[in-house]
Amino acid sequence: MRPSRRRPLRPRAPALPLLLFLAVAVAPSPAAAVGVNWGFAASHPLPAAQVVRDLLLPNSVPRVRLSAPSPDALTALAGTRIAVTIGVPNELLRPLASSRKAAAAWVHDNVTRYASGVLFEFIAVGDDPFLLNHGQQFQPFVVRAAANIQRALDDAKLSSKMKVVVPCSSDAYQNASTLPSKAYFRPDVNKTMVELLPFLANHSSPFMVELNPILSFQQKKNISLDCYLFQLMSRPISDGHSKYDNYFDASIDALVTALTKAGFGDMDIVVGKAGWPTDGAVNATSAIAQSFMTGLVNHLARKSGTPLRPKFAPTETYLYSLLDEDQHSIASGSYDRHYGIFTFDGQAKYHVNLGQGPTALKNALDVDYLPSKWCVVDNNKDLSNVSSSFSAACSNADCTALSTGGSCAGRGWPGNVSFAFNSYYQQHDQSEESCSFSGLGLITTVDPSVDNCLFALAIRASAAASFHPTFAVLWILVSVCIYSLV
């Protein structure tokens with residue numbers, strides 16, 4: 001959970017270089033095909049209606065990608081003319097691949113029901129199902145699930161209004177040399193690609209790729225940060241007759257190369273995710289995130305394309321992400337919970353042009369916070385056994401800001417223990433027992449935040465607003481049973 005105060009203050013960030021200030025000041029309008037991801041893995045999410053009313057509409061966001069179906073979000077988006085991509089969680093791939101009735105039920109409940117008011121654009125089947133960390137867990141079901149969703153759309157006479165896509169992580173195509181011309185699909189995904197690429201081509205669907213620039217930067221030590229941030233002083237990478245001065249173009253052309261080698265070099269490309277985190281790791285700061293996002297939006301607005309596809313940019317690019325998510329998986333890194341352009345309570349961390357132009361981003365208004373109370377460690381108690389309570393708190397809350405390079409990494413002991421205690425306390429709605437920790441916790445009305453290390457103050461939110469994969473699987477089972485009876 002991103003720290004916040006009752007009257008939120010914009011998080012402080014290191015001073016930005018003059019070049020970045022100039023880039024913000026003269027930023028061109030974003031390409032019409034820029035959108036933003038909206039995820040729901042938060043313990044205390046803002047109400048969906050408030051997100052649409054206070055964040056999406058006032059900031060002129062033209063399109064949004066939902067990580068999973070959310071009745072509240074879809075209802076709020078109805079009639080707004082914001083283009084919507086809706087995601088199918090990985091946990092549903094197997095049941096959707098196994099049953100056409102399950103796919104029909106999913107389309108009926110999450111698409112058909114809202115189609116009269118929601119401008120659907122894509123259905124994204126899976127959430128990085130080819131991610132190397134997943135192994136073969138989801139691959140066998142991806143194409144069949146997508147095909148069953150497509151048939152359900154056909155049957156519902158909706159296939160002419162939206163496309164089925166399959167998000168593919170950038171590590172699905174390997175490029176050990178960093179040269180785009182050497183890229184190719186990983187051997188373990190080739191079999192799936194042989195099925196997926198013709199499916200996409202037959203339905204005129206684009207290839208959706210998910211980019212993770214900070215992970216690439218961590219892994220490729222020979223590429224400077226300037227290359228990721230679209231800085232003019234970046235030393236170009238030469239690849240034959242092509243030169244690359246930024247990570248984004250190199251990544252897109254690596255994919256173009258892999259698609260060409262697979263026989264689909266002309267396939268349209270949509271970037272499903274591209275962003276930079278603001279906490280949880282070294283170089284994960286608001287200043288660097290602003291530099292990346294501003295550079296990306298400006299680059300897309302120029303519509304210059306890439307060396308392999310000049311004047312032909314990805315048809316759409318979705319910035320990652322709208323809000324912080326304190327329950328997001330941290331399989332790739334602790335920073336995964338801090339990608340939000342806005343804090344969890346809807347306060348902008350930095351400037352980026354989402355459609356509103358050079359003006360400052362509009363924040364969420366009248367946020368309904370819990371009382372101004374925090375849980376800290378009681379320094380008057382014997383703390384010799386506090387480590388077990390610290391571990392218990394972090395295993396059930398969000399301590400990613402304590403990670404190396406994080407905003408609270410320098411708190412030290414016992415300040416880090418207080419941070420963990422408070423995170424657990426806020427996630428459990430400030431219940432008195434959630435600040436017990438065997439008598440080592442103490443409830444205070446004095447904000448323990450120090451500098452950039454902000455202690456969370458939760459907001460009131462309905463549990464129905466958040467998403468959990470287990471509920472999604474249960475929904476599929478129930479829906480199939482009902483659908484079979486009608």
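The values are calculated or read from the model by the stated rules, or taken from the named source; none is laboratory data. Everything numeric here is computed off the predicted structure, so don't read it as measured data. Quick reminder, even Gly has a Cβ in these numbers, built from the backbone with ideal geometry, and neighbours come from all protein chains shown. To get the accessible areas, we keep the full protein, side chains included, count just its heavy atoms, and leave off ligands, DNA and RNA. Shrake-Rupley method; radii C 1.70, N 1.55, O 1.52, S 1.80 Å.
Structure notes:
- Size check on the chain: the Cα extents along the three principal axes, sorted descending, read 69, 64, 41 Å.
- Highest average first, the peptides 387-395, 401-409 ordered by how many other beta carbon atoms sit within 10 Å of their residues are 401-409, 387-395.
- Rounded tilt (10° steps) of 100-110 against the dominant C-alpha axis of the chain: 60 degrees
- About the centre of its Cα atoms, the range 155-281 shows a dipole size close to 120 debye [charges on the beta carbon of Lys, Arg (+1) and Asp, Glu (-1) only; nearest 20 debye].
- Listed pairs Lys349/Lys373; Lys220/Lys349; Lys161/Lys273; Lys182/Lys220; Lys220/Lys273; Lys191/Lys221 exceeding 25 Å between Cα atoms: Lys220/Lys349; Lys191/Lys221
- Angle between the chain longest axis and helix 469-485 axis [Cα atoms, degrees, rounded to 10]: 50 degrees
- With respect to the chain, whose longest principal axis is taken over its alpha-carbon atoms, helix 190-202 is tilted by about 70°.
- Among 196-203, 446-453, the peptide with the highest mean count of other Cβ atoms within 10 Å heads the list, and the full ranking is 196-203, 446-453.
- The distance from the alpha carbon centre of the range 290-310 to that of the range 317-335 is 22 Å, rounded to a whole number.
- Rounded accessible area per residue of the chain, 1.4 Å, Å²: 41 Å²
- For Tyr173, residues with placed amide H under 5 Å, excluding near neighbours: Arg186
- Subset of Lys163/Lys261; Lys261/Lys303; Lys243/Lys303; Lys243/Lys311 violating a 20 Å alpha-carbon distance limit: Lys163/Lys261; Lys261/Lys303
- Residue-by-residue Karplus 3J(HN,Hα) for the range 88-95, coefficients 6.51, -1.76, 1.60, Hz, glycine and proline x: 10, x, 4, 5, 9, 4, 5, x
- Per-residue HN-Hα couplings for the range 415-428 [Karplus 6.51, -1.76, 1.60; θ = phi - 60°; Hz; x = Gly/Pro]: x, 5, 5, 4, 4, 5, 4, 5, 4, 5, 4, 5, 5, 9
- In straight-distance terms, cross-link reach from Lys157 covers every one of the lysines whose alpha-carbon lies under 19 Å from its own, apart from those fewer than eight places away in the same chain; here that gives Lys101.
- For Phe120, distant residues with modelled amide H under 5 Å away: Val84
- Local electrostatic count at Leu132 - Lys and Arg +1, Asp and Glu -1, tallied over other residues with Cβ under 11 Å: -2
- Among the trypsin sites (Lys or Arg not before Pro) in the range 248-333, those located in a DSSP loop and surrounded by at most 14 other Cβ atoms within 10 Å of their own Cβ are Lys303, Lys311.
- Ordering of 246-258, 80-92 by packing [mean C-beta count within 10 Å, highest first]: 246-258, 80-92
- Residues whose placed amide H lies under 5 Å from that of Phe207, excluding near-sequence neighbours: Asp268, Ile269, Val270
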